[in-house]
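No lab work stands behind these numbers, since they all come straight from the coordinates. As the structure is a computational prediction, the values presented were derived from the model and not from experiment. Please note: Cβ atoms are built from the backbone with ideal geometry, for glycine as well, and neighbour counts cover all protein chains shown.
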Amino acid sequence: MKSMVDEVKFYSHLLLFRIRGGSPRHYRRQWENYWRTIHATGAGGEVLWDNVPEKASAQDLARFAAHMRPDLPLVDVGCGNGRQARFLAGHFPRVIGVDVSPAAISLAQRETRGTPFESRIAYRVWNGANPGEAEALHHEIGDANVYMRTVFHCVQSSDRESFVASLATLLGERGTLYQIELTDGALETLRKLPGNSPSGLPHLVHNVVKNGIHPIGFSQDDRLRYYPDDRWVILGEGDTVAIRTVRLAHGEEALVPANYLVMRPRHHVAGGRAAASAPAA
């Protein structure tokens, strides 16, 4: 059990990082500061969530594949260095990886060169909190499926409605959204792991929050608020899954509590294939 001194130290460091990093709504600056520090990815690398697809997007694919039109492009929102996008390109005709950080996009482009499905993948710098950027991308590629892995929990409350509007714009009339998110108890799980960083968190977690990035989790209440039943059709969901990190300093991967949703805006139920695969209201 954490002592009172540990608690004060932990939250004091988080507050200091928030002050240094500026508003946690300055996503491009904060994530750019993070991705500029990354020199190694994959197993043994510096990116907490950069696990092999077999422990990440392959598991996700089993949950959402039956609900997505395979002829539509797939947008990987918050693609980072593109590891999961490269896997998903083997299952969709076109994958567009988008991230708010130019440094992440540059890294994804470098790591994608020479890979088997390189011709199917493109990358864009993109900010989902700006609906105008979603409109521009939809105009370019048309309706798309959306894959979003551990992104929404870092979108701040003031931007969440705009962010959801951006996702709906990308989906258009035919797309399906898959979201997997850390729960609001994820940070406490990570705090229990061995770590000797200034914040007491494992170093790979510390390297995220020290840039002022402020994860706030995603709860069932958030689902009802941002994806209400009168506007969204839930095709699949689960709240007892986990995100598996890369191997941490103590020699093991961490299992961080998560939940997932497969869904479409309710206007998709108007007819055709979308109506056929949607559950009864």
For the range 138-153, Karplus-derived ³J(HN,Hα) couplings (6.51, -1.76, 1.60; θ = phi - 60°; whole Hz; x for glycine and proline) come out as 5, 4, 6, 10, x, 4, 9, 7, 10, 10, 9, 10, 6, 10, 4, 5
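Using helices alone, I'd like the mean residue ellipticity at 222 nm for the chain: each DSSP H run of four-plus residues gives -39500 (n - 2.57), total over residue count, nearest 500. Provide the component values of the computation, followed by the final result.
Values: 11 runs with 104 residues, N = 281.
It lands at -10500 deg cm²/dmol.
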Would you mind getting me the FRET efficiency between residue 109 and residue 219? Use the beta-carbon distance for r and R0 = 41 Å, nearest 0.05. 0.70
Only Cα pairs within less than 10 Å get springs; with that Gaussian network setup on the chain, which residue of 187, 235, 224 has the largest fluctuation? 224
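Based on Cβ point charges of +1 for Lys and Arg and -1 for Asp and Glu, what charge dipole magnitude is obtained for the chain about its Cα centre, in debye rounded to the nearest 20? List each step's numbers first, then the result.
On the way: 32 positive and 30 negative charges, 94 e Å.
It comes to approximately 460 debye.
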Gain on full stretching of the segment that runs from residue 255 to residue 143 - 0.36 nm per residue minus C-alpha separation: 36.9 nm
The extension gain from residue 247 to residue 26, computed as 0.36 nm times the residue separation minus the Cα-Cα distance, is 76.6 nm
In what sequence, highest mean first, do 164-171, 59-66, 38-45 appear when ranked by Cβ atoms within 10 angstrom? 164-171, 59-66, 38-45
Between the range 161-198 and the range 133-148, the alpha-carbon center distance in angstrom: 19
In Å and from the alpha-carbon atoms only, list the Rg and Dmax of the chain. 18.4, 59
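From the P(r) of the range 114-271, could you give the percentage of C-alpha pairs in the tail past 26 Å?
On the way: 4511 of 12403 pairs.
Percentage above 26 Å: 36.
Compute the normalised compactness of the range 123-190: alpha-carbon radius of gyration over 2.2 N^0.38 Å, N being the residue count. Mind dumping the intermediate values first?
On the way: Rg = 13.0 Å, N = 68, 2.2 N^0.38 = 10.9 Å.
Dividing the Cα Rg of the range 123-190 by 2.2 N^0.38 Å gives 1.19.
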Once the piece of chain linking residue 54 and residue 91 is laid out straight, how much longer is it, given 0.36 nm per residue of separation minus the C-alpha distance between them? 11.9 nm
Once you sort the root eigenvalues of the Cα gyration tensor of the range 41-181 as a ≥ b ≥ c, which label holds: rounded (a/c under 1.5), prolate (a/b larger than b/c) or oblate (the other case)? rounded
